[in-house]
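Following: one structure in structure tokens, then a few remarks.
Just so it is clear, none of the values below were taken in a lab; they were calculated from the coordinates. A quick note: this is a predicted structure, and the numbers were derived from the prediction, not measured. For neighbour counting, all protein chains shown are included, and Cβ atoms are generated from backbone atoms with ideal geometry for every residue, glycine included.
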Amino acid sequence: MSTDTSAVIIEPEALYDRLNDPNLLLVQVTSREVFEQAHLPGAVLVEPRDLVCGEPPAPGRLPDETRLGTMLASMNYDPGSDIVVYDDEGGGWAGRMAWTLDIIGHPGWTYLNGGMHAWQHAGLPFESGPHTPDNSVHVEVNIDTGPIAEIEDVLAAIEDPDQVIWDVRSAEEYAGTKQNAARAGHIPGAVNLDWMMLKDPSRNMRLTEGIAARLTELGIMQAADIITHCQSHHRSGLSYMLGRLLGLPIRAYHGSWSEWGNREDTPIEVGSG
């Protein structure tokens, strides 16, 4: 298993120079259709649906160990690989993949800054065609719950001034004017910074430059523990990944608002705060 616990970021040109590295495993998290149209040379496919349990009322929760093992086998996972994650949307699904790698004990991953958008803008080559997994691969999964926050953890964080709950949904969802669950609003005391603010379309979906300053203004950089969430822990895949890249003590509430807002016993606030 990889002994590197750091998460790092790489630019397209630097990654292109490493494509012949036999230890490199490129993981594209997109639909199968997108992958078959275009993927980085030698990349393997993980579909977003493979990263979530898909069961209501909280379909974004982590799949069980059997499904995780199947997913890892399909991408020809090797614990000694240098894994680079990327997607076609600026980091949400790549971040969800990074969170999953942390959970299975492979925290030394790399994020391709800007993903497919930045790669294309750099004029670098794509391949097309299907991903054919090595069906002989078997992966034993051992889950590390450290990166996972559950309802009990979030309830405890509400009362702890040293912890921050980071809600990356839209301002409308946070205020409760847009409803995507039985109840609308936000977790009491949660800080709102929309995931769209974390990626820059003008820089081909790279991470927003200087974002640490904004996180400092919100008290996120200074927190002893951060719990991030969205509606289904897709958008908060990006905030989790950013936190890891910044070296922050961050966890993800994988039940997210689809779990919290569909219960009757969880505290909720409305308004912009």
Restricting attention to the range 89-111, does a residue exist that is more than 17 Å from Leu68 (Cβ to Cβ), among the hydrophobic types (A, V, I, L, M, F, W, C) and assigned to a loop (DSSP other than H, G, I, E, B)?
no
Looking at Gly247 and the list (1) of a type outside the set (D, E, K, R); (2) assigned to a loop (DSSP other than H, G, I, E, B); (3) touching an Asp or Glu at 6+ places or on another chain (Cβ under 9 Å), which single condition is not satisfied?
(3)
Among (1) over 20 Å from the mean Cα position of the chain (by Cα); (2) of a type in the set (S, T, N, Q); (3) within 23 Å of Leu242 (Cα to Cα) - the single one Thr177 does not satisfy
(3)
Out of all the residues in the range 141-157, which are in contact with a helix residue (DSSP H, G or I) (Cβ under 7 Å, 6 or more places away or on another chain) and more than 22 Å from Gly261 (Cα to Cα)?
Val141, Ile143, Asp144
Across the range 195-220, what is the total count of residues that are assigned to a loop (DSSP other than H, G, I, E, B) and over 24 Å from Asp160 (Cβ atoms)?
5
Which of (1) touching a helix residue (DSSP H, G or I) at 6+ places or on another chain (Cβ under 9 Å); (2) farther than 30 Å from Ala38 by Cα; (3) touching a residue at least 60 places away in the same chain (Cβ under 8 Å) does Leu124 not meet, given it meets every other one?
(2)
Condition check for Ile226: touching a Pro at 6+ places or on another chain (Cβ under 7 Å) and hydrophobic (A, V, I, L, M, F, W, C)
yes
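So which of Ala252, Ala223 is among the hydrophobic types (A, V, I, L, M, F, W, C) and either out of contact with any helix residue (DSSP H, G or I) (no Cβ under 7 Å at 6 or more places or on another chain) or in a loop (DSSP other than H, G, I, E, B) (or both)? Show your work before the answer.
Details: Ala252 fails: either out of contact with any helix residue (DSSP H, G or I) (no Cβ under 7 Å at 6 or more places or on another chain) or in a loop (DSSP other than H, G, I, E, B) (or both).
It is Ala223.
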